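Trainee: Following this message is one structure expressed as structure tokens.
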Amino acid sequence: MTPATTSPGTPAPATTGRAFPVIAGFLLCIFAIGTAELLVGGLLPEIAGTLHVSVAGAGQLVTAYALGVVIGGPLITVLTARMPRKGLVLGLVALFVAGSLVSAAATSYGLLVVSRVLAALSQGTLFAISMVVVTTVVPPERAGRAIAIVVSGLTIATVLGVPLGALLGRAFGWRTPFLAVALVAVAGGVVLAVAMPRTPAPITGARSELRVLRRRPVLLAITTTAIGFAGVGTVLTYLMPLLTQVSGFSAGVASALLLAYGVGSLLGNFAAGRLTDVSPTMTVRAVFLGLTVILAVLPFAVVWQPGAIVAVLAFGLLATATIAPLQGLILRHAADAPTLSVAVNVSGFNLANALGSALGGGIVAAGALRWNGLAGAALALAGLGLSWLAASRAAATPQEA
């Protein structure tokens, strides 16, 4: 892999002695952001009851946050392209903390929607900068692993942060979890304020970022994210009812399997990070091939409980293993001005979740819950094809890459 370790748009390499606190600071921030993104789903009845809206109306808070990420990430990245990275990172953390505190204090549904969008505006750019910065504080051969560690903040948020947030909300009120994620983000911001090196403002501006974004390998890699990762969302969103209604597991056993899925995702993400350091192209192809196979087999495995357990564990190992190599491909082909491309790729993951959930919901509404895996397999297969096309385009235009 050839990560974006030195470029006009990124910080100069820091001493590797700073690597641990910088990575840890970003990990805390990404964990807080990932928890906040999914937190509302576990608190819908409490929020709906307090603010006197329907559960479906409260659910639109998730949509508002997602739109804030999809639209705000690229927009904020373009507008801040010339800002020094450290000051921008701390400003984005402060923006997220402010949004979370307003959420905790919101006395009306409208104010809560605004606060959610405010917090979401920081996510895309902060995530993108974290992906770029962590590759500058480690040797090039460890860049994929550094990315995977930061990305693991999202998985840990899913496995640990969201369930803990739901417990806090039920015990002390739904406002408490928003205060908790704000405190975690503050902790991450303090670590970054101390450890992250100060660098001059990037000499690449919005034009450079937009020019790099238009490169065919970059656009193909982002499209790979938006389409290929949607295969995960098609199944994951409806995995709980699949396990209880089709496999016949009790709710308790199904919840345990979801926890096992999350642990598997964490392990798969770290493994993919190591493999990304060897070859992001081959890693992303292998992961999408594995996803295609396991998703195609899933509808036939879930009717037999031992088969369902094996399939869910395999699915967990592969589900988030696409993130590190896809980000690695972006950094490889957008090395001279990568931030906007990575931010758009973050939006691509959110679009993939929305596309997968919508497609899976349509299949479930048609009474075909068991067969969601086939639709997911088709999307993963499309991602595999796009990854091949992206690599071939990059090989055809080596100077551009």
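The values are calculated or read from the model by the stated rules, or taken from the named source; none is laboratory data. In this text the structure is predicted, and so the values were computed from the model without any measurement. No Cβ is skipped: glycine too gets one built from the backbone with ideal geometry, and neighbour counts run over all protein chains shown.
Trainee: Name the helices (runs of 4 or more DSSP H) wholly inside the range 278-351 in which the number of residues that are without any contact (Cβ under 8 Å) to a residue 40 or more places away in the chain, surrounded by fewer than 24 Cβ atoms within 10 Å (Cβ to Cβ) and assigned by TED's automatic domain parsing to the domain that holds Val364 is 3 or more. First the steps, then the outcome.
Mentor: Numbers: elements: 280-301, 305-319, 323-333.
Here the list reads 280-301, 305-319.
Trainee: Is there a residue in the range 221-229 that is out of contact with any Leu (no Cβ under 7 Å at 6 or more places or on another chain), surrounded by fewer than 21 Cβ atoms within 10 Å (Cβ to Cβ) and in a helix (DSSP H, G or I)?
Mentor: So far as the range 221-229 goes, no, none of its residues is out of contact with any Leu (no Cβ under 7 Å at 6 or more places or on another chain), surrounded by fewer than 21 Cβ atoms within 10 Å (Cβ to Cβ) and in a helix (DSSP H, G or I).
Trainee: What residue, of Thr125, Thr77, Thr50, Thr63, is of a type outside the set (Lys, Arg), free of Cβ contacts under 8 Å to residues at least 24 places away in the same chain, assigned to a helix (DSSP H, G or I) and not assigned by TED's automatic domain parsing to the domain that holds Ala324? Even if it seems obvious, please write down each step before you answer.
Mentor: On the way: Thr125 fails: free of Cβ contacts under 8 Å to residues at least 24 places away in the same chain; Thr77 fails: free of Cβ contacts under 8 Å to residues at least 24 places away in the same chain; Thr50 fails: free of Cβ contacts under 8 Å to residues at least 24 places away in the same chain.
So the residue among Thr125, Thr77, Thr50, Thr63 that is of a type outside the set (Lys, Arg), free of Cβ contacts under 8 Å to residues at least 24 places away in the same chain, assigned to a helix (DSSP H, G or I) and not assigned by TED's automatic domain parsing to the domain that holds Ala324 is Thr63.
Trainee: In the list Leu359, Leu369, which residue meets the criterion of being modelled with pLDDT of 75 or more, surrounded by fewer than 20 Cβ atoms within 10 Å (Cβ to Cβ), assigned by TED's automatic domain parsing to the domain that holds Gly248 and more than 19 Å from the chain's Cα centre (by Cα)?
Mentor: The match here is Leu369.
Trainee: I've got another one for you. Under 8 Å between Cβ atoms, which residue pairs at least 6 apart in sequence (or on different chains) link something in the range 182-198 that is β-branched (Val, Ile, Thr) with a partner that is surrounded by fewer than 18 Cβ atoms within 10 Å (Cβ to Cβ) and in a helix (DSSP H, G or I)?
Mentor: Matching pairs, first to second residue: Val191/Pro21; Val191/Ala24; Val194/Pro21.
Trainee: So for the range 190-200 (the condition being closer than 21 Å to Ala319 by Cα and either in contact with an Asp or Glu (Cβ under 9 Å, 6 or more places away or on another chain) or not in a loop (DSSP other than H, G, I, E, B) (or both)), does at least one residue qualify?
Mentor: The answer is no; no qualifying residue exists.
Trainee: Something else about it: How many residues are under 16 Å from Ile33 (Cβ atoms) and either assigned to a helix (DSSP H, G or I) or among the charged types (D, E, K, R) (or both) when one looks only at the range 82-122?
Mentor: Looking only at that region, the number is 23.
Trainee: Another question about this same structure. Go through the range 380-401 and give me each residue that's under 15 Å from Ile222 (Cβ atoms), modelled with pLDDT of 70 or more and either of a type in the set (Val, Ile, Thr) or buried (at least 20 other Cβ atoms within 10 Å of the Cβ) (or both).
Mentor: Answer for the range 380-401, where residues must be under 15 Å from Ile222 (Cβ atoms), modelled with pLDDT of 70 or more and either of a type in the set (Val, Ile, Thr) or buried (at least 20 other Cβ atoms within 10 Å of the Cβ) (or both): Gly383, Leu386, Ser387.
Trainee: State all residues of the range 21-47 that are at pLDDT 85 or above and of a type in the set (A, V, I, L, M); if no residue qualifies, say none.
Mentor: Correct list: Val22, Ile23, Ala24, Leu27, Leu28, Ile30, Ala32, Ile33, Ala36, Ile47.
Trainee: Same structure again: For Val70, indicate whether it is among the aliphatic types (A, V, I, L, M), not in a helix (DSSP H, G or I) and not assigned by TED's automatic domain parsing to the domain that holds Arg214. If you could, list the steps in order and put the result at the bottom.
Mentor: Details: among the aliphatic types (A, V, I, L, M): yes; not in a helix (DSSP H, G or I): no; not assigned by TED's automatic domain parsing to the domain that holds Arg214: yes.
In short, no.
Results for (1) among the β-branched types (Val, Ile, Thr); (2) more than 18 Å from the chain's Cα centre (by Cα), shown as yes or no for each residue.
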{"site": "Arg116", "(1), (2)": "no, no"}
{"site": "Ser122", "(1), (2)": "no, no"}
{"site": "Phe127", "(1), (2)": "no, no"}
{"site": "Thr135", "(1), (2)": "yes, no"}
{"site": "Gly144", "(1), (2)": "no, no"}
{"site": "Thr155", "(1), (2)": "yes, no"}
{"site": "Leu160", "(1), (2)": "no, no"}
{"site": "Ala166", "(1), (2)": "no, yes"}
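Trainee: Restricting to the range 48-66, and then to whatever is within 22 Å of Leu355 (Cα to Cα) and modelled with pLDDT of 80 or more, can you tell me which residue is surrounded by the most Cβ atoms within 10 Å (Cβ to Cβ)?
Mentor: Tyr65
Trainee: Report, ordered by the first and then the second residue, all pairs with beta carbons closer than 9 Å, sequence separation of six or more or different chains, a first member in the range 166-178 that is under 14 Å from Pro45 (Cβ atoms), and a second member that is of a type in the set (Asp, Glu) and crowded, with 16+ Cβ neighbours inside 10 Å.
Mentor: These pairs meet every condition: Gly169/Glu46; Arg170/Glu46; Gly173/Glu46; Trp174/Glu46.
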